[in-house]
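Each remark here refers to the structure printed beneath this line.
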Amino acid sequence: AASIVEGSLLHGDGGDYALAAWCVMPTHVHVVIEVLENGTVPKIVQRWKSFSAHEINGILGRKGALWQREYFDRFMRSEQQFEWTTAYVENNPVAAGLVERPTDWQFSSAGWRRIAGEDAGAP
């Protein structure tokens, strides 16, 4: 399921948003994006949820809601806030006690950079 959610986030990158950071956790997802021209946060989130719910429900052989209806968004007002938020997102698996280092979590921008052999920056 996590790979489906991550794939949904990566698939839309460069369309109506630029994906800066993400972390797919066992019970929730954190995403940092820059909304591009013609994009809106509600439309982007709806697309992620719709695609991933359809795929995951198909695998599980079930129908119905997978995601909670609401989501929480924040507007980044400074580079410092962006950097803090990105660090928070990527360190979430460490804070939850799931891994020792952010790069050890497979379903995240930090893990993606490790796999890709990059030192910094998202894909």
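The values are calculated or read from the model by the stated rules, or taken from the named source; none is laboratory data. Bear in mind that the values here come from a model prediction, so they are computed numbers and not experimental data. In this analysis, Cβ positions are derived from the backbone assuming ideal geometry, glycine residues included, and neighbour counts consider all displayed protein chains.
The numbered conditions (1) surrounded by fewer than 17 Cβ atoms within 10 Å (Cβ to Cβ); (2) out of contact with any Leu (no Cβ under 9 Å at 6 or more places or on another chain); (3) more than 16 Å from P93 (Cβ to Cβ) are all true for S8 except (1).
Give the residues of region 58-102 that are part of a helix (DSSP H, G or I) and of a type in the set (A, V, I, L, M), sorted by residue number.
I59, L60, A87, V89, V94, A95
Please tell me if D13 is over 18 Å from R114 (Cα atoms), surrounded by 12 or more Cβ atoms within 10 Å (Cβ to Cβ) and of a type outside the set (G, A, S).
It is true that D13 is over 18 Å from R114 (Cα atoms), surrounded by 12 or more Cβ atoms within 10 Å (Cβ to Cβ) and of a type outside the set (G, A, S).
Of all residues in region 1-29, none that is on the phi > 0 side of the Ramachandran plot and part of a loop (DSSP other than H, G, I, E, B) has its Cβ atom under 8 Å from the Cβ atom of a residue that is of a type in the set (F, W, Y) and surrounded by fewer than 21 Cβ atoms within 10 Å (Cβ to Cβ), 6 or more apart or on another chain.
Exactly one residue among T86, T27 is of a type in the set (S, T, Y), at pLDDT 95 or above and under 27 Å from R114 (Cα atoms), and that residue is T86.
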